[in-house]
Amino acid sequence: MDTRERILDAATRAMRDLGVARATTKEIAKAADCSEALLYKHFSSKEMLYNAVFRERIPVLKEASARLHANVGKGSLEENLTEYALAAVRLYKDVLPLAGGMFADPMLLDVMRASFASTGSGPHQAVLALARFLRAEQRRGRVLAQADPDAAAALLLGACFQRAFFEHLVELPDDADRFAADLVSTLAPALIA
């Protein structure tokens, strides 16, 4: 494994274990078995290192979105949406502790916003991907013509985000699968033809 990858792995672990604020470059360099100077050779600032962690090491819904779009017109719409909702809950639960630290650091937040803007990426892409899927299913007659794909996507993923947020704050039953299925079945009458 090359040095850059070792640093990214160490930074990811440090951010998860210590939190973004306490994951110093000194701690990261120590965990990566390198000097801070070498760390800065690969990343111009702590914020750029964290940006790389968020872009390269944090799971996203790209795979779940690809599976969803591969299933347009196939299988049960409820099952497809439930699988996506479950992937979203798991992703949000994983990302929330790191994102919280990002919001607490204005410089890091500015770097992340600039990165999202320059790459056309960001957390809103999951909602857009789900809305595209629902539009494609709407064209096939599997989603009601009067349904609003953008609103439905926001409702579904907003509820998934809230569930993940609550899981960090209070003890909830370990039933994310059931939550996703119940969420979709509740939305289904207003959405599925």
Problem set entry | S65 open to solvent by less than 60 Å² (accessible area, probe 1.4 Å) and either under 30 Å from R178 (Cα atoms) or out of contact with any strand residue (DSSP E or B) (no Cβ under 7 Å at 6 or more places or on another chain) (or both) | yes
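For the range 85-133, give me the residue count where each residue is among the β-branched types (V, I, T) and open to solvent by 80 Å² or more (accessible area, probe 1.4 Å).
Result for the range 85-133: 1.
Does the range 14-22 contain any residue that is outside any helix (DSSP H, G or I) and either surrounded by 14 or more Cβ atoms within 10 Å (Cβ to Cβ) or at pLDDT 90 or above (or both)?
Here is the first cut: in the range 14-22, the residues outside any helix (DSSP H, G or I) are 19-22.
Right, trim to either surrounded by 14 or more Cβ atoms within 10 Å (Cβ to Cβ) or at pLDDT 90 or above (or both) and you get 19-20.
Within the range 14-22, one or more residues are outside any helix (DSSP H, G or I) and either surrounded by 14 or more Cβ atoms within 10 Å (Cβ to Cβ) or at pLDDT 90 or above (or both).
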Problem set entry | Failed criterion for L81 (all others in (1) assigned to a helix (DSSP H, G or I); (2) out of contact with any helix residue (DSSP H, G or I) (no Cβ under 6 Å at 6 or more places or on another chain); (3) modelled with pLDDT of 95 or more; (4) open to solvent by less than 70 Å² (accessible area, probe 1.4 Å) hold) | (2)
For this session: Would you point out which residue out of E47, E36 is among the acidic types (D, E) and open to solvent by 60 Å² or more (accessible area, probe 1.4 Å)?
Result: E36
Exercise. Going by the structure shown, is V60 at pLDDT 90 or above, among the β-branched types (V, I, T) and either surrounded by 14 or more Cβ atoms within 10 Å (Cβ to Cβ) or outside any helix (DSSP H, G or I) (or both)?
Worked result: no
For this session: Those residues that are of a type in the set (K, R) and in contact with a helix residue (DSSP H, G or I) (Cβ under 9 Å, 6 or more places away or on another chain), I need them from the range 139-193; list them, please.
Result: R142, R163
For this session: Say whether the condition of being among the basic types (K, R), at pLDDT 95 or above and open to solvent by less than 40 Å² (accessible area, probe 1.4 Å) is met by at least one residue in the range 162-178.
Result: yes
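The values are calculated or read from the model by the stated rules, or taken from the named source; none is laboratory data. Not measured: the values here are computed from a predicted model. Neighbour counts are summed over all protein chains in view; Cβ atoms, including those assigned to glycine, are modelled from backbone coordinates with ideal geometry. All accessible areas refer to the heavy atoms of the entire protein, side chains included, with ligands and DNA or RNA removed. Shrake-Rupley method; radii C 1.70, N 1.55, O 1.52, S 1.80 Å.
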